Amino acid sequence: MKGADGISIAQKLTLKEARVNFGYSLEEAAKKSGISVKRVSELEVDSTHAAIDEFVRLCKCYDTNYNHVYSGLASDVYRARLNIKTVDFNDLSQLIQIKLRIAELIQNVEADDLFSREDISKEIKGLFRDLHEYEAINLSPFLKGNDNIFVGGRAV
């Protein structure tokens with residue numbers, strides 16, 4: 001998913017990542033930006049309702065372009081990063097198998113005398129079950145929350 005600026009959420013920094021990358025502690029960031037430690041900490045978790053001046057001050061404090069920092073829930077960024085997926089040929093193989101079974105079923109329905117309605121219904125239900133299970137397997141990584149923050153390959 002990309003924002004209006006064309007940068008995907010997964011590519012953006014959270015406010016915490018921007019602060020850590022710049023080398024500031026919460027206290028240093030609060031002092032430099034003129035925003036309380038408590039408020040900076042809150043904004044690092046959820047900057048959805050940050051006042052524009054707060055968000056811009058923090059980005060300037062971290063010498064970071066505000067377009068490269070996500071203004072929303074930090075967990076959205078982490079979740080978006082988990083959703084980046086490479087092609088798994090086992091997934092493709094499974095899809096091909098399901099497509100072949102559907103094609104065979106279509107041919108059988110057209111021939112009409114090869115299988116009874118009960119056989120066709122049973123096969124359709126099996127395909128539906130297989131698709132449902134396949135969907136659950138492939139969506140499960142995207143549905144699990146991840147609160148780990150990684151900066152430079154290490155958890156923060």
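Looking for whichever is at pLDDT 80 or above and hydroxyl-bearing (Ser, Thr, Tyr) here; the options are THR86, THR48. Which one fits?
Of THR86, THR48, the one residue that is at pLDDT 80 or above and hydroxyl-bearing (Ser, Thr, Tyr) is THR48.
Given the criteria open to solvent by less than 40 Å² (accessible area, probe 1.4 Å), closer than 20 Å to VAL77 by Cβ and part of a helix (DSSP H, G or I), does ALA18 qualify?
yes
Only residues that are open to solvent by 20 Å² or more (accessible area, probe 1.4 Å) and either touching an Asp or Glu at 6+ places or on another chain (Cβ under 7 Å) or hydrophobic (A, V, I, L, M, F, W, C) (or both): list them for the range 40-54, please.
Result: VAL45, ALA50, ALA51, ILE52.
Just to verify a result, which residue in the range 55-80, among those that are of a type in the set (Val, Ile, Thr) and over 17 Å from the mean Cα position of the chain (by Cα), is surrounded by the most Cβ atoms within 10 Å (Cβ to Cβ)?
For the range 55-80, the residue satisfying everything is THR64.
Mind listing whichever residues of the range 12-51 are within 26 Å of the chain's Cα centre (by Cα) and of a type in the set (Gly, Ala, Ser)?
Selection gives ALA18, SER41, SER47, ALA50, ALA51.
The values are calculated or read from the model by the stated rules, or taken from the named source; none is laboratory data. Model, not experiment: these values are computed from the prediction. All Cβ positions, glycine included, derive from the backbone under ideal geometry; neighbour counts span all protein chains shown. Areas reflect the complete protein model, heavy atoms only, side chains present, ligands, DNA and RNA absent. Shrake-Rupley method; radii C 1.70, N 1.55, O 1.52, S 1.80 Å.
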